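*Asks:* One structure, pasted below without further comment.
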């Protein structure tokens, strides 16, 4: 698994791992049933502490993206779209929309950007 971690970013490493795995699932690069690297293996591959990977995996498990098993490790779960977005996801989107508005984008530009980004995820 190839992750691009930015050690100088304000975002914590465990959140970067979480976000990249979520995007991998959403874009079909990680399929349901696919095994993720062990905590130890991913930590060594990325040159980070095992507790950082463990925190990312715990968050992903709590959010329903993966299941963990002592024998099988972490496995990507099939997504059930019926639950809808979480409150945190909606609030995050609200913040990003505000930032785009402050950057001078109008509704049509924002929707066009969203459409292009959504279509990228389908490829």
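The values are calculated or read from the model by the stated rules, or taken from the named source; none is laboratory data. Computed from a predicted structure; not experimentally measured. Reconstructed Cβ throughout: ideal geometry from the backbone, glycine too, with neighbour counts over all protein chains shown.
*Asks:* Kindly evaluate residue 84 against the criterion of being exposed (fewer than 14 other Cβ atoms within 10 Å of the Cβ) and on the phi > 0 side of the Ramachandran plot.
*Replies:* Numbers: exposed (fewer than 14 other Cβ atoms within 10 Å of the Cβ): yes; on the phi > 0 side of the Ramachandran plot: yes.
For residue 84, the condition - exposed (fewer than 14 other Cβ atoms within 10 Å of the Cβ) and on the phi > 0 side of the Ramachandran plot - is met.
*Asks:* May I pose another question? Go through the stretch 56-76 residue by residue and tally those that are in a helix (DSSP H, G or I) and surrounded by fewer than 10 Cβ atoms within 10 Å (Cβ to Cβ).
*Replies:* Step one: list which residues in the stretch 56-76 are in a helix (DSSP H, G or I), which gives 56-62.
Among the residues that remain, those that are also surrounded by fewer than 10 Cβ atoms within 10 Å (Cβ to Cβ) are: 62.
Residues in the stretch 56-76 being in a helix (DSSP H, G or I) and surrounded by fewer than 10 Cβ atoms within 10 Å (Cβ to Cβ): 1 in total.
*Asks:* I've got another one for you. Considering (1) in a loop (DSSP other than H, G, I, E, B); (2) under 17 Å from the mean Cα position of the chain (by Cα); (3) modelled with pLDDT of 90 or more, say which one residue 79 fails and leave the rest.
*Replies:* Of everything listed in (1) in a loop (DSSP other than H, G, I, E, B); (2) under 17 Å from the mean Cα position of the chain (by Cα); (3) modelled with pLDDT of 90 or more, residue 79 misses just condition (3).
*Asks:* Among the residues of the stretch 1-15, are any touching a helix residue (DSSP H, G or I) at 6+ places or on another chain (Cβ under 6 Å), more than 18 Å from residue 121 (Cα to Cα) and part of a helix (DSSP H, G or I)?
*Replies:* Taking the stretch 1-15 as the starting set, the residues that turn out to be touching a helix residue (DSSP H, G or I) at 6+ places or on another chain (Cβ under 6 Å) are 3, 5, 13-14.
Filter once more, so that each one left must be more than 18 Å from residue 121 (Cα to Cα): 5, 13-14.
If we keep only those that are part of a helix (DSSP H, G or I) too, we end up with 13-14.
Checking the stretch 1-15: at least one residue is touching a helix residue (DSSP H, G or I) at 6+ places or on another chain (Cβ under 6 Å), more than 18 Å from residue 121 (Cα to Cα) and part of a helix (DSSP H, G or I).
*Asks:* Could you say which residue among 47, 92 is in the same structural domain as residue 20 (by TED's automatic domain parsing), surrounded by fewer than 13 Cβ atoms within 10 Å (Cβ to Cβ) and farther than 14 Å from residue 21 by Cβ? Steps first, please.
*Replies:* Numbers: 92 fails: in the same structural domain as residue 20 (by TED's automatic domain parsing).
Unique residue meeting the criteria: 47.
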